[in-house]
There are 2 protein chains.
Amino acid sequence: MRTVNYEPLTPLLFLERSYRVFENKVAIIGDTFSKTYKEFRQDCYSLAYSLKNVGVGSGDRIAYLSKNSYELLLAHYGVAMLGAILVTLNVRQDEQSINYILKHSGTKILFIEEEFLKESYFANVEKVVILNKINSTHWPQNIESYDCFFKTCKVKSLSWQKNIQDEISTIAINYTTGTTGNPKGVEICHRSVYLNAFCECIQGKLNSQSKFLHVLPMFHCNAWSYAWAVTAIGASHVFLKTTNAKAIVASIINQKITHFCAAPTVLINLMQDPSFQELRNYQGLNIITAGASPCPRIIKTYEDMGVNIIHVFGMTETHGPHLICERQKDWDFASEDELAEIKIRQGVPGIHSVFAKVVDKNMQEVPWDGNTLGEIVMRGNNIMKGYYKDPVATEQSFRNGWFHSGDLAVIHPDGYIEIKGREKDIIISGGENVSIAEVENMLYSHPDIAIASVITIQDEKWGERPHAVIKLKNGAPDLKEDDIINFCREHLAHYKCPAKVTFWDNFPMSNDKVQRELLKQEVEDYYAQK
Amino acid sequence: MRTVNYEPLTPLLFLERSYRVFENKVAIIGDTFSKTYKEFRQDCYSLAYSLKNVGVGSGDRIAYLSKNSYELLLAHYGVAMLGAILVTLNVRQDEQSINYILKHSGTKILFIEEEFLKESYFANVEKVVILNKINSTHWPQNIESYDCFFKTCKVKSLSWQKNIQDEISTIAINYTTGTTGNPKGVEICHRSVYLNAFCECIQGKLNSQSKFLHVLPMFHCNAWSYAWAVTAIGASHVFLKTTNAKAIVASIINQKITHFCAAPTVLINLMQDPSFQELRNYQGLNIITAGASPCPRIIKTYEDMGVNIIHVFGMTETHGPHLICERQKDWDFASEDELAEIKIRQGVPGIHSVFAKVVDKNMQEVPWDGNTLGEIVMRGNNIMKGYYKDPVATEQSFRNGWFHSGDLAVIHPDGYIEIKGREKDIIISGGENVSIAEVENMLYSHPDIAIASVITIQDEKWGERPHAVIKLKNGAPDLKEDDIINFCREHLAHYKCPAKVTFWDNFPMSNDKVQRELLKQEVEDYYAQK
């Protein structure tokens, strides 16, 4: 297959190219260490060599349960070099889900930070490697410390090419944190992530002088493919041990960070921290945000600070961004209010993804009226190969030749797609569709609200109505239910406004998102007990 | 082949994406017209529709003999939409070569500007379409004007996807203007140009606000792939009817041009024109240069004006850039003289091309010493499919699994490749290799020399020695042979310096390059007659 004029597309080529061109340039900046591209590549080779030493080969699944770290980044290359498959696990997932994934994926070796290790994991893997030193002595025998496991590979060049003959072979399985049912394993191939990375270099405006801070956990779609894109362009990966707001701000300033990715919730936390003000005179920061619709207030706050917000949309199944809210020249003439509305749209297909539309039940595109709801469907080289060992779910999600997102959206007259929520995130009130996201966005635009979530309550007359659950900011005035409802009535059609407002302190969170179903349960229990 | 998660890579996707995202943005700026992306795409569809109407189908060869024009750009899309193959012809080629190419390629339709048409072409094609109105009445019958040929396609979307099922299918054949033997047809596939265009968006730092001036003829590797790259990013193509220095400068200023491609000779012509000084306060211009080694003086002159020079290297067989003189951070600390030396190097592999080395006769990489000569060999997705209908030449150039460039080069300790010339461009003097390019570069660094070419003379003692043939600038002081030789001796090892200097007025040129072999003949004749 590999010939003088055909090279399977794989992100491993990026590592070789950046090594070739930027051998002595800093590739990695950690809290207490740094690595050149030469050292980074050598470490990737050493990981591959160490894995091979214990019998790992093509197609084997290797799992990591770890916060962001250099070791986790290495896995994105070292595992792939053997034609093996990386399974990054969400550190916030529960023991049962982790065991399900280890078993379902057939993981051979689990690399893990000791703080996340449970005795039950041993039964589902051949070997456990602790990413730091082992503190406890009570673990079973099939355990090793990373230091012992990791053998330095002496060869200058490892012929990984022979292990990747086909660009469609799987490089990673990313398990979705499904709110219903078991997690599904999203299989992604070398070709997809290669093209994603190329697109991200362009859309993220990366260059070889960029410094990318790993805020977004790599267990979210391999940092939305940036685990590879940053290497592609020869930029520097920057790691933090702790990722609280203060540490992020300090790193931005001290390391002259140019890029990071983060979900809107992380951006909210950051901007509510006093240290955020230190960024006021900072130049050249680009933040790629996705994972939920950012409310206009977030975008405006950051842009007022001089930050360039790149708003994209993707899913685990599209392996990172499929849509981008691409800036148009005529936006230069839009008012601030108009811009705030426009910039929260998920946007248009990316350079590499090309095809996305909003369709009705019969796969007919809905009118571009900014009003008619439909489902977003997508196609392209970035779409997953399928759900691992789940042909039925794969077939279902690929029906009619398109990947079905399950996300409900409208399409505006300018062709920009705006998500209104998942199918279950729509409240049907008096026959009208009310988007929970739209109401939440409006609540977030209130200057005194820190967290807002909208749940559904049953209503005899209207069927369903919105119920706002909110948390006020520290030091906010003592607002009442009516204040909130009146605020909404000023900006939304009345049928979209909350019928009820509850002030709440402890929101159940997962992956920095409010777990709305859980919150609904807790709020209902609270009222039942009252 | 095409599925929900597999889309053959083709630059036609770029057109669809930019239409989807930038429908009403200006795609094309001509002298007297402009087109939005919607109109541009529609015109591409209309060309495809018109070609289909006359029976053009998958695999057919369609030739264009034309200076740069909007119609020629359309051909890069409209022809490809049918799965047909574009053959762009060099307007400076002689009648015999054109006939050879038309015959060898089996061209079905020839699109041509009337000024280039010869009666003999009719015998080799089914149909001739004149790109402007037909002035002469003496042509044979199988001729049509473009206006009559071009039918507007009414459909909003043309299902070109069915015609391109395989990304490895041929999109273009570019004939080399070989100095020896017949031209060879370089076959390039959809996948190659897709990846090239992606890489060029990154390396050329294009964005959707960029304005690309078509200075480089599109018959040179489809404008080194920029015919597609500019569309990929949603930037604007800008066309000029005349491409003299004055017109180029005026267009840069009036249209706010951000990018163009040009060979060093074009850059020399431009900088010697009085209008060049008007660019003194111009900001944001990027020039991609290749096609010959630019001498340090060219790069410095442009950079002193605030122009960003992007120096790349490629061949017809690599379809545009394979190497780029990628800027390193530590160059910030280099002296002007050091930089001048560094920036003329062809550099390192591009993000998408990855593999290039300099090898000896046994395919062993030469030491990275900046001194040992070897041949540049390359591999990657941008390498041609092969020479059309010439399996012997293809096999020869692909021997040992690498494409053999025939270019001699050294590799510096920092890994940067520097071309010293073709095999025939090396003078062996007293057993030492003298690079003609190196001596020519030194001559060009003399402030009074307008054109310099170095030919070989036989020498009883040394075997061969360099002979400089030069033209002084208008208004230059009356320099003598010794002045030139002494200048060279100050900067070059003595054995590299010209043994003889001849002042010459009319240099034979082709594609803006001095035709050294022809010049050698003329100079020898001159001395023989004396």
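General observations
- Exactly one residue among B:Lys343, B:Lys389, B:Lys424, B:Lys357 is within 20 Å of the chain's Cα centre (by Cα) and surrounded by fewer than 22 Cβ atoms within 10 Å (Cβ to Cβ), and that residue is B:Lys343.
- Candidates B:Glu71, B:Glu7, filtered to the one that is modelled with pLDDT of 95 or more, of a type in the set (Asp, Glu) and within 30 Å of A:Thr318 (Cβ to Cβ): B:Glu7
- Region B:337-366 - residue that is part of a strand (DSSP E or B) and among the small types (Gly, Ala, Ser) and, of those, farthest from B:Ile383 (Cα to Cα): B:Gly347
Every residue, every condition in (1) without any contact (Cβ under 8 Å) to a residue 60 or more places away in the chain; (2) under 18 Å from A:Gln364 (Cα atoms); (3) buried (at least 22 other Cβ atoms within 10 Å of the Cβ), yes or no:
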site	(1), (2), (3)
A:Met384	no, no, yes
A:Pro413	yes, yes, no
A:Ile428	yes, no, no
A:Thr456	no, no, no
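- Members of region B:81-111 found to be among the small types (Gly, Ala, Ser) and touching a helix residue (DSSP H, G or I) at 6+ places or on another chain (Cβ under 6 Å), listed by number: B:Gly83
- Residue list for region A:217-242, filter: more than 14 Å from every other protein chain (Cβ to nearest Cβ), hydroxyl-bearing (Ser, Thr, Tyr) and either closer than 11 Å to A:Ala197 by Cα or surrounded by 20 or more Cβ atoms within 10 Å (Cβ to Cβ) (or both): A:Ser225, A:Tyr226
- When residues of region B:1-12 are limited to those that are at the interface with chain A (Cβ under 8 Å from one of its Cβ atoms) and of a type in the set (A, V, I, L, M), the one surrounded by the most Cβ atoms within 10 Å (Cβ to Cβ): B:Leu9
- Picking from residues in region A:126-170 that are within 14 Å of chain B (Cβ to nearest Cβ) and hydrophobic (A, V, I, L, M, F, W, C), the one that is farthest from the chain's Cα centre (by Cα) is A:Trp160.
- Enumeration of residues in region A:198-216 that are away from chain B (no Cβ under 14 Å), more than 20 Å from A:Asn382 (Cβ to Cβ) and assigned to a loop (DSSP other than H, G, I, E, B): A:His214, A:Val215
- The residues listed here are B:Thr88, B:Thr137, B:Thr107; of these, the one that is at pLDDT 95 or above and over 26 Å from B:Gly30 (Cα atoms) is B:Thr107.
- Picking from residues in region B:456-493 that are in a strand (DSSP E or B) and of a type in the set (A, V, I, L, M, F, W, C), the one that is nearest to B:Glu524 (Cα to Cα) is B:Ile457.
- Scope region A:171-183; condition surrounded by fewer than 22 Cβ atoms within 10 Å (Cβ to Cβ) and either at pLDDT 95 or above or at negative phi (or both); matching residues: A:Thr176, A:Thr177, A:Gly178, A:Thr179, A:Thr180, A:Asn182, A:Pro183
- The criterion of being away from chain A (no Cβ under 14 Å), more than 17 Å from the chain's Cα centre (by Cα) and of a type in the set (Gly, Ala, Ser) holds for B:Ser251.
- Condition broken by B:Val186, with the remaining ones in (1) within 12 Å of chain A (Cβ to nearest Cβ); (2) modelled with pLDDT under 95; (3) within 23 Å of B:Asn90 (Cα to Cα) satisfied: (2)
- Residues located in region A:354-395, provided they are under 13 Å from A:Ile417 (Cα atoms) and within 12 Å of another protein chain (Cβ to nearest Cβ): A:Phe355, A:Ala356, A:Lys357, A:Glu365, A:Trp368, A:Val377, A:Met378
- Among the residues of region B:122-157, those that are surrounded by 13 or more Cβ atoms within 10 Å (Cβ to Cβ), in contact (Cβ under 8 Å) with a residue 40 or more places away in the chain and not aliphatic (A, V, I, L, M) comprise B:Lys127, B:Tyr146, B:Phe149, B:Phe150, B:Lys151, B:Cys153.
- Scanning region B:179-232 for residues that are farther than 23 Å from B:Val514 by Cα and aliphatic (A, V, I, L, M) turns up B:Val186, B:Ile188, B:Val193, B:Leu195, B:Ala197, B:Ile202, B:Leu206, B:Leu213, B:Ala227, B:Ala229, B:Val230, B:Ala232.
- Tallying residues that are farther than 23 Å from A:Lys25 by Cβ and either touching a Cys at 6+ places or on another chain (Cβ under 9 Å) or assigned to a strand (DSSP E or B) (or both) within region B:306-336 yields 6.
Condition check ((1) part of a loop (DSSP other than H, G, I, E, B); (2) more than 27 Å from B:Leu9 (Cα to Cα)) across all residues:
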{"site": "B:Gly370", "(1), (2)": "yes, yes"}
{"site": "B:Glu375", "(1), (2)": "no, yes"}
{"site": "B:Asn381", "(1), (2)": "yes, no"}
{"site": "B:Met384", "(1), (2)": "yes, no"}
{"site": "B:Val392", "(1), (2)": "no, yes"}
{"site": "B:Glu395", "(1), (2)": "no, no"}
{"site": "B:Asp407", "(1), (2)": "no, yes"}
{"site": "B:Pro413", "(1), (2)": "yes, yes"}
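- Residue within region B:423-436 that is within 14 Å of another protein chain (Cβ to nearest Cβ) and either part of a strand (DSSP E or B) or within 26 Å of B:Val514 (Cα to Cα) (or both) present: no
- All positions within region A:329-353 that are free of Cβ contacts under 8 Å to residues at least 24 places away in the same chain, of a type outside the set (Phe, Trp, Tyr) and within 14 Å of another protein chain (Cβ to nearest Cβ): A:Lys329, A:Asp330, A:Asp332
- The residues on offer are B:Trp402, B:Trp368, and the sole one that is in contact with a Pro (Cβ under 6 Å, 6 or more places away or on another chain) and not assigned by TED's automatic domain parsing to the domain that holds B:Gly106 is B:Trp368.
- Of all residues in region B:13-36, those satisfying the criterion of being of a type outside the set (Lys, Arg), under 13 Å from B:Leu73 (Cα atoms) and either within 10 Å of chain A (Cβ to nearest Cβ) or surrounded by fewer than 24 Cβ atoms within 10 Å (Cβ to Cβ) (or both) are B:Ile28, B:Ile29, B:Gly30.
- Members of region A:510-525 found to be of a type outside the set (Lys, Arg) and either in contact (Cβ under 8 Å) with a residue 12 or more places away in the chain or surrounded by 16 or more Cβ atoms within 10 Å (Cβ to Cβ) (or both), listed by number: A:Ser510, A:Asn511, A:Asp512, A:Val514, A:Gln515, A:Glu517, A:Leu519, A:Glu522, A:Val523
The values are calculated or read from the model by the stated rules, or taken from the named source; none is laboratory data. Predicted model only: the values in this text are computed from it and were never measured. Note that each Cβ is placed from the backbone with ideal geometry, even for glycine, and that neighbours are counted across all protein chains shown.
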